[in-house]
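A short worksheet on the structure shown next.
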Amino acid sequence: MAMVKSVINVGVGHSDNPKEAVKQAMENIKNPVLTIVFFSSNHNPQEVYNTIKEEVGNSHIIGGTTAGEFSSLKDKPTENEVVVMVIESPYLKVGVGVCENISNNPYECGMNAISNSYSSLKDNPTASALISVAFMNKKSEDILKMKPFVSLVLPDGLAGNEEDFLKGIISKVGTGVPVVGGSTGDNLKFDKTYQIANGVYTNSGIVATLSSALKIGLGYCHPYYPTEKGAVVTKSEGRTVYELNNRPAAEVLKELLGVDELTPEIFAKYPMGVKSTDVYGEYVIKSIMCENEDGSLTFYAQVLEGSYLSVMDTNKEYAIESFKKAIKNALQSAGNPKKVGAVIVFNCILRHLLKDRLGINDLNIIKEVVGEDVPVIGFNTYGEQGATTGGSIGHYNQTATILIIGNETISQ
């Protein structure tokens, strides 16, 4: 059991038995305000939720099914287990919102989920008082790093419309409230995923609003760099690209990659990248799902007409350094707390498979950067939500998004 004391107390549990996992996490925690559970779809979701609920009292419970789950308690991700993180802090309040039927009404789902999360959020006078103290005593650059509200999102990974879900959220709270999260999975069965939001749901979108006076930071990364090969999207709709360079998309891609056949292995090895429009010009990853009979390509994320798709590549050193940089960026985003209370990672299943091929262990990298004893939880996702360094909020592929909660208040 991992534990951090002080302004935030965090417990972690990891087991193939949900009762053992939550008891492990609760060993030194009395009254958690937030419980996060990520678990294999091979478990019964209602049984997992009921078991967790019995142990955590009045804590909000959020989470969902995975394509692999991981924590600081085990050396590598597991595929048939349950990970639990419980967070106890007088400086943190949580509101949870859920909206069902995300597959048919993603925009409205996002609007309703974020509205419901704020409606359930109780006043946080402690945070308000510390924010006032910080405004009086902190430098302007430190004040600007405060995040009194953060939206943690968990949309259904099979709905196929996370972008519109995010648009619904942004329509209510704007782009000033940070967003981080991941799409729920089902161990690559692609049948049904489940979401947890003080109950069990499927085909839904979850938003947990964190209102806190703690130092909180976010990070974003993928392990790819652009090659000189690419093409312009000349016809697309949603997540399907019909033409590249005014020709059938699949035909052009085969020429770019020098292959006769497009396979899942090829798609995983060579994702496409689109340069973001913010000042940093980072590339965001668009992974291809399949080639269609009409010669079009379906992606795991929306691809806009007029975009230039670059063929991306990677190597072990670049992949390691990109993840290290993302963790350091999250720490800087949090105001460089001297102590870290918790790390939560949303990691694409395709990025996980790449790391396995390259022999990279994210957990070792996290421990190297933030310390051996910091509690960590996360899962392999069907898509990641977050923001680029320049602040562009989006839904990504083959990416990792990171939430770091400092073991310090914003006034420290």
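Quick notes on this one:
Table: residues versus (1) out of contact with any Phe, Trp or Tyr (no Cβ under 6 Å at 6 or more places or on another chain); (2) at pLDDT 95 or above; (3) acidic (D, E).
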| residue | (1), (2), (3) |
| --- | --- |
| S183 | no, yes, no |
| F190 | yes, no, no |
| K215 | yes, no, no |
| E243 | yes, yes, yes |
| F267 | yes, no, no |
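- Of the residues examined, G306 is not one that is touching a Pro at 6+ places or on another chain (Cβ under 7 Å) and part of a loop (DSSP other than H, G, I, E, B).
- Selection within the stretch 94-114 - surrounded by 17 or more Cβ atoms within 10 Å (Cβ to Cβ) and either free of Cβ contacts under 8 Å to residues at least 60 places away in the same chain or touching a Lys or Arg at 6+ places or on another chain (Cβ under 7 Å) (or both): N105, Y107, G110, M111, N112, I114
- Leading residue by the ranking (farthest from I349 (Cα to Cα)) among those in the stretch 47-66 that are among the small types (G, A, S) and in contact (Cβ under 8 Å) with a residue 60 or more places away in the chain: G63
- Counting only strands (runs of 3 or more DSSP E) that sit wholly inside the stretch 2-75, those with at least 3 residues that are over 21 Å from L214 (Cα atoms) are 9-15, 34-40, 60-66, 69-71.
- Filtered by the rule that a residue be more than 9 Å from the chain's Cα centre (by Cα) and either among the hydroxyl-bearing types (S, T, Y) or closer than 15 Å to K286 by Cα (or both), the stretch 355-386 gives a lone residue, Y382.
- Qualifying residue in the stretch 245-259 (condition: in a strand (DSSP E or B) and modelled with pLDDT of 95 or more): yes
- One residue stands out in the stretch 43-71 among those that are hydrophobic (A, V, I, L, M, F, W, C) and within 14 Å of the chain's Cα centre (by Cα): the one that is surrounded by the fewest Cβ atoms within 10 Å (Cβ to Cβ), namely I62.
- Candidate set: the stretch 331-358, residues that are among the small types (G, A, S) and at pLDDT 95 or above; chosen: the one surrounded by the fewest Cβ atoms within 10 Å (Cβ to Cβ): G341
- Sub-6 Å Cβ pairs linking a first residue in the stretch 380-391 that is more than 18 Å from A159 (Cβ to Cβ) to a second residue that is of a type in the set (S, T, Y) and not in a strand (DSSP E or B), at least 6 apart or interchain, are T388/S276; T389/Y280; G390/Y280, ordered by first then second residue.
- Comparison of D373, D356 shows that the only residue that is outside any strand (DSSP E or B) and closer than 26 Å to D156 by Cα is D356.
- Under the condition of being in a loop (DSSP other than H, G, I, E, B) and either touching a Phe, Trp or Tyr at 6+ places or on another chain (Cβ under 8 Å) or in the same structural domain as L353 (by TED's automatic domain parsing) (or both), the residues counted in the stretch 269-281 number 2.
- When restricted to residues that are in contact with a helix residue (DSSP H, G or I) (Cβ under 6 Å, 6 or more places away or on another chain), surrounded by 24 or more Cβ atoms within 10 Å (Cβ to Cβ) and under 29 Å from E321 (Cβ atoms), the stretch 205-219 contains 2.
- Single residue of T389, T381 found to be of a type in the set (S, T, Y) and surrounded by fewer than 23 Cβ atoms within 10 Å (Cβ to Cβ): T389
- Taken over the stretch 361-384, the criterion of being touching a Leu at 6+ places or on another chain (Cβ under 8 Å), over 22 Å from V86 (Cα atoms) and of a type outside the set (S, T, Y) is satisfied by V369 alone.
- Some residue of the stretch 201-212 being in contact with an Asp or Glu (Cβ under 8 Å, 6 or more places away or on another chain), polar (S, T, N, Q), assigned to a strand (DSSP E or B) and in contact (Cβ under 8 Å) with a residue 24 or more places away in the chain: yes
The values are calculated or read from the model by the stated rules, or taken from the named source; none is laboratory data. Note that the structure is predicted; figures quoted are calculated from it, not measured. Cβ coordinates were reconstructed from backbone atoms using ideal geometry, including for glycine residues, and neighbour counts include every protein chain displayed.
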